[in-house]
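No lab work stands behind these numbers, since they all come straight from the coordinates. Since the model is a prediction, treat every value here as computed from it, not as a measurement. Cβ placement follows ideal geometry from the backbone for every residue including glycine, while neighbour counts extend to all protein chains displayed.
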Amino acid sequence: MEIANSIALVTGANGGLGQYYMEALRSRGAAKIYAAARNPNSLADLVATDPNIIIPVALDITNEQSVNQAALLCQDVTLLINNAGVGFNQGLIAAPDLSHARMEIDVNYFGTLMMCRAFASVLKQNGGGAMINMVSMVARVNLPFNGSYSASKAATLSLTQGVRAELAAQGTLVIAVLPATIDIGMGKAYPEPKVSPEEVVSEALQAAIEGVEDVYPGEQAKQMAAQLLSDPKMLEKTVALMLPS
């Protein structure tokens, strides 16, 4: 698909990677961009940058009624970017309880799934379009000090593959974006190497243009993907040294 003249919806548009998606979509000529967040008031500054193109949408992806209302409101969407997510840097055993793990699954898995379900028919009626799901390299190899987040992203990757299969007949491209460490948010505290948020967004949007289903932004993610093909157990054992504190 083309980004120019597309109608996009970005979840989690008010922070983190969402703002970079908004900027990139504008610069590439998107005709309209729905900026979605739980609190639409938090989008005021973002909307003010281009109120003719950027439309604020109240959306809680963990609330099915909210998701369905957004789908009814945004019937012209051709590009869905499932960017909203949470992570708490906790181990699976080391975590004091399961509250954060449950929230990661609720947002990263169930929230993304509800968005895919609600917007599948919208994309179909608009010619197929594309979904971009922000996954993570930890979906393919668990990072122990962020173990429950890794597990939630593994679920997100699996749902992406399943949704891709179900929507292939309607011509919807479903993309998994699997970066390693992004130099933003919780990634700021991680050691080098890192990939810039601009590069992540650029490669994700280019994947939509070129019809690429799985994209690994940045050199670190590309190297890890190659290791998973050549010696997956070695990569698992290397990453296993990164234990919760």
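So, in segment 175-220, of the ones that are of a type in the set (D, E, K, R) and touching a Pro at 6+ places or on another chain (Cβ under 8 Å), which residue ends up nearest to Val163 (Cα to Cα)? Residue satisfying both the conditions and the ranking: Glu203.
Considering (1) among the charged types (D, E, K, R); (2) more than 15 Å from the chain's Cα centre (by Cα); (3) closer than 22 Å to Val163 by Cβ, say which one Arg102 fails and leave the rest. Unmet for Arg102, out of (1) among the charged types (D, E, K, R); (2) more than 15 Å from the chain's Cα centre (by Cα); (3) closer than 22 Å to Val163 by Cβ: (3). Restricting Leu243, Leu205, Leu235, Leu173 to residues that are in contact (Cβ under 8 Å) with a residue 60 or more places away in the chain, buried (at least 16 other Cβ atoms within 10 Å of the Cβ) and over 19 Å from the mean Cα position of the chain (by Cα) narrows the list to Leu235. Of all the helices (runs of 4 or more DSSP H) wholly in segment 26-123, which have at least 3 residues that are free of Cβ contacts under 8 Å to residues at least 60 places away in the same chain and more than 26 Å from Tyr149 (Cβ to Cβ)? It comes to 44-48, 64-73.
Return a yes/no flag: does segment 126-146 have any residue that is more than 23 Å from Gly16 (Cα to Cα), in contact with a strand residue (DSSP E or B) (Cβ under 9 Å, 6 or more places away or on another chain) and either surrounded by fewer than 22 Cβ atoms within 10 Å (Cβ to Cβ) or of a type in the set (Ser, Thr, Tyr) (or both). Yes, that holds for at least one residue. Within segment 41-58, can one find any residue that is within 24 Å of Leu113 (Cβ to Cβ), buried (at least 23 other Cβ atoms within 10 Å of the Cβ) and under 18 Å from the mean Cα position of the chain (by Cα)? No, segment 41-58 contains no residue that is within 24 Å of Leu113 (Cβ to Cβ), buried (at least 23 other Cβ atoms within 10 Å of the Cβ) and under 18 Å from the mean Cα position of the chain (by Cα).
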